[in-house]
Amino acid sequence: MSKKLQGNGLFESSRMMLPEHREAYIRHQQHLAPRQPPLLDPQAEEEMARVMAEAMHSGSAVTITLFDDPEDIRLTGQVLRIDPGRRRICWDGGDGEGSRWIALDQIIGAVAEND
Amino acid sequence: MANSKNRVIMLADCQSFYASVEKAAHPEYEGKPLVVSGDPARRSGIILAACPLAKKYGVTTAERLGDALRKCPDLIVVRPRMAEYIRVSLQITEIFQSFTDLVEPYSIDEQHLDVTGSLALFGTPEEIARRLQHRVLYETGVYVRVGISDCKVLSKIACDIYAKKVPGGIYTLRREHLEETLWTKPVHEMFMVGSRMTRHLYKMGIHTIGDLAKTPLPRLTERWGVNGEVLWRIARGIDASPVTPHSQLQQQKGVGHQMTLPRDYADWKEIRVVLLELCEQVGRRCREKGLMGFVVSVGCQGADYDHPTGFSRQMKLSDPTNITDEIYRAACLLFQRHWNHLPIRRIAVALSDLSPDSLVQLTLFGDRDRKRELEKATDGIKRRFGETAILRASSLQDSGQAQERSLRIGGHYK
């Protein structure tokens, strides 16, 4: 059977849309779908743990990336404590708001700030 | 309320869309006749949209601006802003999406909604339609008319034939009453029936939509094949098309660009300039999306649409690419092989059979890495400083269109 007679064929074949509109629509739709957190390689996880542990011991600043929707959050501050049992870290963002707990599962990246 | 088996489908159409957006943006034009018109100095000096007031003077869409001004000398003429119309269209999509996730754009000013699952939340179909209307008007200044039925085809017809003509702008076309309502209407008012088809149908003695519905199907398929069956099904309201936001809109089969030239081009030296510009745009779009294509197609058409000339041909490359020069080389080959040296007015280039460009087969010949680096740099410059920040020198020739084109969407000003 012809494509026009099945599924959404009639409307797909007769739709009139500017390419720019089509692209803006696709972007709009992608924005609606919830983002999936990335799957981390075990080695990358180890590396992140090492960076955070080192930063905690030396008291130096570190930048962590937290997975979030619609976009990731990047924070720079200090790791005060690591709580492996409950899989979380105690974080001080240096913004005068004191410390807070951040779940390890939310962290998808950690880079030491060398300054 | 509809029973559980029946779907409730709507088509929402924006009245004089471009003109309404302009009127909302310019409150000082309220109560005055307004049209949106392309650049009068160029071939595109036609009316793209006329507000209801201008239409009262007899101004119609697609007529020449000069003719419209003769009918209504006080006409306010506004230049199109296509990017803004796309933005407002998506804003309306978003409003619809707050009533149902099943929203599908059909054009810039028409969208289908399936509200079957929303009835328990928002009330009867008519109530939902009124709320849609109210919110879109309040938030964008655009008046939408809503056709309601149980499939996409009938909702479109309900909108075109009825909702646009009744006060309130909402109409429900019921399947049980098709015979007394839709079937009495002249066939030329039906969705997918144009003027040429109307003439053919008249010759067959088919004058109303009912006549068409009652015509034995083989009489139509004999003559028009699938399209005959499409018409017959529309007249009978047979349509199972889903309203789907994941339509083919999202999966891209090819990347193509085309342009209408400001005058006839008959010299290969002129044509190859615009050919390269099109290849550059196609290549760049592919690079931006991380795609490569295997098949290059080229098409062109003469200026006289009644005596069509030109061709459309494609060829497969030895390796998939998104490098402008490689697309251009194939396009030139196709053009020189198939062009009959008659003047052309329209030209198109497309790249299809797409695959992600993350995996690249190494080739023995050509310096692909250098070209790729070069294009990464030029793309970056364009992204940052605008389309015309860096151009091929050939585009500066008289036949070049790149600068003019960068100001436009769909042939009209951004």
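The values are calculated or read from the model by the stated rules, or taken from the named source; none is laboratory data. This one's a predicted model, so the numbers in the text were calculated from it and none came from an experiment. We place every Cβ from the backbone using ideal geometry, glycine too, and count neighbours over all the protein chains shown.
If you take just the helices (runs of 4 or more DSSP H) that sit entirely in the range B:199-261, which of them hold at least 2 residues that are within 8 Å of chain A (Cβ to nearest Cβ) and over 30 Å from B:Thr100 (Cα atoms)? Helices (runs of 4 or more DSSP H) meeting the threshold: B:226-236. Inside the range B:235-256, residues that are modelled with pLDDT under 90 and either touching a Leu at 6+ places or on another chain (Cβ under 6 Å) or closer than 30 Å to B:Arg337 by Cβ (or both) make up a count of 5. B:Asp13 fulfils the conditions (1) in contact with a Lys or Arg (Cβ under 6 Å, 6 or more places away or on another chain); (2) in a loop (DSSP other than H, G, I, E, B); (3) at negative phi except for a single criterion, (2). Here B:Ile157 meets each of (1) within 14 Å of chain A (Cβ to nearest Cβ); (2) surrounded by fewer than 17 Cβ atoms within 10 Å (Cβ to Cβ) with one exception, condition (2).
Considering the range B:273-315, and only residues there that are small (Gly, Ala, Ser) and closer than 25 Å to B:Lys376 by Cα, the residue that is modelled with the lowest pLDDT turns out to be B:Gly290. With respect to (1) surrounded by 13 or more Cβ atoms within 10 Å (Cβ to Cβ); (2) under 23 Å from the mean Cα position of the chain (by Cα); (3) within 30 Å of B:Glu110 (Cβ to Cβ), the lone exception for A:Arg27 is condition (1). Condition first: surrounded by fewer than 17 Cβ atoms within 10 Å (Cβ to Cβ), of a type in the set (A, V, I, L, M, F, W, C) and over 23 Å from B:Arg263 (Cα atoms). Can you find one or more residues in the range B:280-292 that meet it? Taking every residue of the range B:280-292 in turn, none turns out to be surrounded by fewer than 17 Cβ atoms within 10 Å (Cβ to Cβ), of a type in the set (A, V, I, L, M, F, W, C) and over 23 Å from B:Arg263 (Cα atoms). Name the residue, out of A:Leu75, A:Leu39, that is under 20 Å from the mean Cα position of the chain (by Cα) and at pLDDT 85 or above. Answer to the check: A:Leu75.
Kindly indicate whether B:Val136 is out of contact with any Asp or Glu (no Cβ under 7 Å at 6 or more places or on another chain), outside any helix (DSSP H, G or I) and surrounded by 15 or more Cβ atoms within 10 Å (Cβ to Cβ). Considered against the rule, which asks whether it is out of contact with any Asp or Glu (no Cβ under 7 Å at 6 or more places or on another chain), outside any helix (DSSP H, G or I) and surrounded by 15 or more Cβ atoms within 10 Å (Cβ to Cβ), B:Val136 comes out as no.
Being within 22 Å of B:Ala163 (Cβ to Cβ) and either modelled with pLDDT of 95 or more or touching a Ser or Thr at 6+ places or on another chain (Cβ under 8 Å) (or both) narrows it down to one residue among B:Ala19, B:Ala68; which is it? Outline the logic, then answer.
Working: B:Ala68 fails: within 22 Å of B:Ala163 (Cβ to Cβ).
After ruling out the rest, the residue left standing is B:Ala19.
B:Glu179 meets the conditions (1) in contact with a Leu (Cβ under 9 Å, 6 or more places away or on another chain); (2) part of a loop (DSSP other than H, G, I, E, B); (3) among the charged types (D, E, K, R) in every case but one. The failed one is (1).
Taking the residues in the range A:6-19 that are in contact with a helix residue (DSSP H, G or I) (Cβ under 8 Å, 6 or more places away or on another chain) and either more than 7 Å from chain B (Cβ to nearest Cβ) or modelled with pLDDT under 85 (or both) as candidates, determine which candidate is surrounded by the most Cβ atoms within 10 Å (Cβ to Cβ). So, considering only residues that are in contact with a helix residue (DSSP H, G or I) (Cβ under 8 Å, 6 or more places away or on another chain) and either more than 7 Å from chain B (Cβ to nearest Cβ) or modelled with pLDDT under 85 (or both), the one surrounded by the most Cβ atoms within 10 Å (Cβ to Cβ) is A:Gly9. When B:Thr100 is tested against (1) touching a residue at least 24 places away in the same chain (Cβ under 8 Å); (2) of a type in the set (Val, Ile, Thr); (3) surrounded by 20 or more Cβ atoms within 10 Å (Cβ to Cβ), just one condition goes unmet, and that condition is (1).
Report every pair of residues separated by at least 6 positions or lying on different chains whose Cβ atoms are under 9 Å apart, first residue within the range B:392-414 and within 12 Å of B:Glu280 (Cβ to Cβ) and surrounded by 15 or more Cβ atoms within 10 Å (Cβ to Cβ), second at pLDDT below 85 and charged (D, E, K, R). Short answer, once both residue conditions are applied: B:Ala402/B:Glu387; B:Arg405/B:Glu387; B:Ser406/B:Glu387; B:Ser406/B:Lys414.
With the structure loaded, tell me whether A:Ala33 is under 24 Å from the mean Cα position of the chain (by Cα) and surrounded by 12 or more Cβ atoms within 10 Å (Cβ to Cβ) or whether it fails that test. Spell out how you get there, then give the answer.
Details: under 24 Å from the mean Cα position of the chain (by Cα): yes; surrounded by 12 or more Cβ atoms within 10 Å (Cβ to Cβ): no.
No; evaluated as a whole, the condition is false for this residue.
For the structure I just gave you, tell me whether A:Ala53 is under 18 Å from the mean Cα position of the chain (by Cα), of a type outside the set (S, T, N, Q) and either more than 10 Å from every other protein chain (Cβ to nearest Cβ) or within 27 Å of B:Glu288 (Cα to Cα) (or both). Judged against the criteria, A:Ala53 is not a match.
Within the range B:61-73, the only residue that satisfies the criterion of being exposed (fewer than 14 other Cβ atoms within 10 Å of the Cβ) and either under 19 Å from B:Ser20 (Cβ atoms) or within 14 Å of chain A (Cβ to nearest Cβ) (or both) is B:Ala62.
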